[in-house]
Amino acid sequence: MNYILFDEFITRKNMLPLTFVRPIAEIRFGILTMREKWEYHLKSKTSTLTENYLLPKYPIFEEDENVLINSSFHPNAEIVKMVKKLKPNQALVHGDHIIAMYVYRAGMDGAEGEREDLEMIEYQGSPLKLNFPWDIFTYNDQAIKHDFPIVTEGKKSAGFGKGTHVVAPENVFVEEGAKISHAVINATDSLVYIGKDAEIMEGALIRGSLAMCNNSVIKMGARIYGATTIGPWSKVGGELDNVVFFGYSNKAHGGFVGNAVIAEWCNLGSDTNCSNLKNNYDIVKVWNYNEQRFIDSGLQFVGVIMGDHSKTGINTMLNTGTVVGVSANIFGAGFPRAFIPSFSWGGAAGFTPFLFGKAVEVADRMFSRRNKVFDDKEKAILKSVYQMTFVYRK
């Protein structure tokens, strides 16, 4: 069967800025991306139905018969079983949302909305679904526990290294090539996964759940609270509490970040601090691109949601519930506003547009530091985001 992961339109807009440069399927949640989870359960590769400007990097492969799967739904054994049992012109739904549908090539258009041609089968369970960016850190512990047996299947954990103190070592898995020295890891009632060639430096204090992906680094003396994910090739230091780094991003120095999502190719300067709790303990409001206003998150703890390629300078301070777009550069004294548009340059004193050519130069340098190429596909995606976010920089 040909499986295609599609972006649910309303969820894609609600998940901005994280979905400006990627489909929902590429969001890292727990240890794995949503695509990696679905492909494991389906035992099959998938392609993507998403925005046209993303298709050169994330193409769609259609066949005469296709099963389209809503990539914002987190797979579980029951859902996957029902998806695999679908017959032509049947759809698995939960409330107003389509989870999956079996369609012919001619019926590929209109993955959402009213489909009178489909027989609807209601899923009666309580599925885990990503609807807003803060769902990523809110349910990250659940996602780590789902992914842990997948990434450790059929493998034996390596050693902990010299001088490391581990509480509940049965809940810790260390991949070959990982380096740990004189750290403290507490995995009581949690899980800790340390990926291939990852490194935990001396003096680090870790409380699970924690997911360290391949080649990630926890710096000396860092304090990490769960549930936290450190994506591949990311370096972190200071204090983290319930933060998800997608990958290739750094917060290598002191400062606090909590209840946050940091996308790829970001860098947080030394002593960047992000508030995650209002002084009056009120529910945090967060900028929403779909409604074009600040909406209630329903949460008391929300830190920063940071889009790809964004940076903060030394001693940057961010308000509770700050949303930073793509390729923003924040610096200077004081608290900038809680919604920072893409391709903005400045801080509390105000912002000016970050010229596209300069943004491309920075992106190219960051890619080269990881031995990657910022190619024409990447540049075209960034150009599309630059154009569609122009209205916010007026």
Practice prompt. Specify which residue in the list Gln292, Tyr392, Leu128 is farthest towards the positive end of the charge dipole of the chain, using unit charges on the beta carbon of Lys, Arg (+1) and Asp, Glu (-1), about the Cα centre.
Written response: Tyr392
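Size of the dipole of the chain about the Cα centre, Lys and Arg at +1 and Asp and Glu at -1 on the beta carbon, nothing else charged, in debye to 20?
Details: 42 positive and 43 negative charges, 252 e Å.
Dipole about the Cα centre, nearest 20: 1220 debye.
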Item to complete: Can you sort Glu65, Glu39 by 1.4 Å-probe accessible area, starting with the largest?
Response: Glu65, Glu39
Item to complete: Determine the shape class of the stretch 151-213: with a ≥ b ≥ c the square roots of the Cα gyration tensor eigenvalues, call it rounded for a/c under 1.5, and otherwise prolate if a/b is greater than b/c, oblate otherwise.
Response: oblate
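Tally Lys/Arg at +1 and Asp/Glu at -1 over every other residue whose Cβ is under 10 Å from the Cβ of Leu32; what's the total? Spell out each step's value before the answer.
On the way: positive: Arg28, Arg35, Lys37; negative: Glu36, Glu39, Asp147.
Net charge around Leu32: 0.
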Worksheet item: In what sequence, highest mean first, do 199-211, 180-192, 369-381, 19-31 appear when ranked by Cβ atoms within 10 angstrom?
Response: 19-31, 199-211, 180-192, 369-381
Discussion item. For Lys358, give me every one of the lysines with a C-alpha distance below 28 angstrom, ignoring sequence neighbours fewer than eight places off in its own chain.
Written reply: Lys13, Lys57, Lys235, Lys251, Lys311, Lys372, Lys377, Lys379, Lys383, Lys394
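Show Val151, Val302 ordered by accessible area, largest first, where the area counts protein heavy atoms only and the probe is 1.4 Å.
Numbers: Val151 20, Val302 0 Å².
Putting Val151, Val302 in descending order of accessible area: Val151, Val302.
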Discussion item. Can you compute the label reach from Asn315? Point 7 Å from Cα along the Cβ direction, backbone N cut-off under 19 Å, restricted to the stretch 244-276.
Written reply: 252-257, 268-275
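Can you compute the charge dipole magnitude of the stretch 312-394 about its Cα centre, using +1 on each Lys and Arg Cβ and -1 on each Asp and Glu Cβ, nothing else charged? Give it in debye, rounded to the nearest 20. Let's see the in-between values first.
On the way: 11 positive and 5 negative charges, 5 e Å.
So the magnitude is around 20 debye.
Over the stretch 144-196, what percent of the accessible surface lies on carbon and sulfur atoms, probe 1.4 Å? Mind dumping the intermediate values first?
Values: 1460 of 2660 Å².
In the stretch 144-196, the share of accessible area belonging to carbon and sulfur is 55 percent.
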Worksheet item: Across the stretch 224-232, in residue order, what do the Karplus-derived ³J(HN,Hα) couplings come to in whole Hz, using 6.51 cos²θ - 1.76 cosθ + 1.60 with θ = phi - 60° and x for Gly and Pro?
Response: 10, 10, x, 8, 10, 10, 10, x, x
Worksheet, complete the sentence: Heads up, the stretch 171-315 by the C-alpha gyration tensor (a ≥ b ≥ c square roots of eigenvalues; a/c under 1.5 rounded, else a/b over b/c prolate, else oblate) looks prolate
Worksheet, complete the sentence: Looks like the chain, by Cα gyration tensor root eigenvalues a ≥ b ≥ c and the a/c under 1.5 rounded cutoff (else prolate when a/b is bigger than b/c, oblate otherwise), is oblate
Worksheet item: Which one of Val326, Asn280, Pro336 is farthest out on the positive end of the charge dipole of the stretch 210-363, using unit charges on Cβ (Lys, Arg +1; Asp, Glu -1) and the Cα centre as origin?
Response: Pro336
Fill in: Local net charge near Glu63, Cβ-Cβ under 13 Å (Lys/Arg +1, Asp/Glu -1)
-1
Discussion item. Over the stretch 350-394, with the other protein chains present, what is the accessible area per residue in square angstrom, probe 1.4 angstrom?
Written reply: 65
Worksheet item: Rolling a 1.4 angstrom probe over the protein heavy atoms, how many square angstrom per residue are accessible across the stretch 75-203?
Response: 51
Response to the item:
Residue by residue through the stretch 344-359, the couplings from Karplus 6.51 cos²θ - 1.76 cosθ + 1.60 with θ = phi - 60°, in Hz, x for Gly and Pro, are 10, 10, x, x, 4, 6, x, 10, 10, x, 8, 4, 4, x, 5, 4
Fill in: Value of [θ]222 nm, deg cm²/dmol, for the chain, DSSP H segments ≥ 4, -39500 (n - 2.57) each, nearest 500
-5000 deg cm²/dmol
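Dipole size in debye (nearest 20) for the stretch 1-48 around its Cα centre, Lys and Arg Cβ +1, Asp and Glu Cβ -1?
For the stretch 1-48, the charge dipole is close to 60 debye.
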Worksheet entry | Relative contact order of the chain, pairs being alpha-carbon contacts under 8 Å that are 6 or more residues apart, as % | 11
Discussion item. Given bins 5 angstrom wide, list per bin the percent of all Cα-Cα distances in the stretch 306-394, short to long.
Written reply: 3, 14, 25, 25, 16, 11, 5, 0
Discussion item. Which of Thr138, Thr352, Thr46 ends up with the largest GNM mean-square fluctuation for the chain, with Cα atoms connected below 10 Å?
Written reply: Thr352
Worksheet item: For Glu176 and Arg365, FRET efficiency with R0 = 22 Å and r from the beta-carbon atoms, rounded to 0.05?
Response: 0.10
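The values are calculated or read from the model by the stated rules, or taken from the named source; none is laboratory data. Here the structure is a predicted model, which is why all the values come from computation and not from measurement. Cβ sites come from the backbone with ideal geometry, for glycine too, and all protein chains shown count toward neighbours. Only protein heavy atoms, including side chains, enter the accessible area calculation; ligands, DNA and RNA are left aside. Shrake-Rupley method; radii C 1.70, N 1.55, O 1.52, S 1.80 Å.
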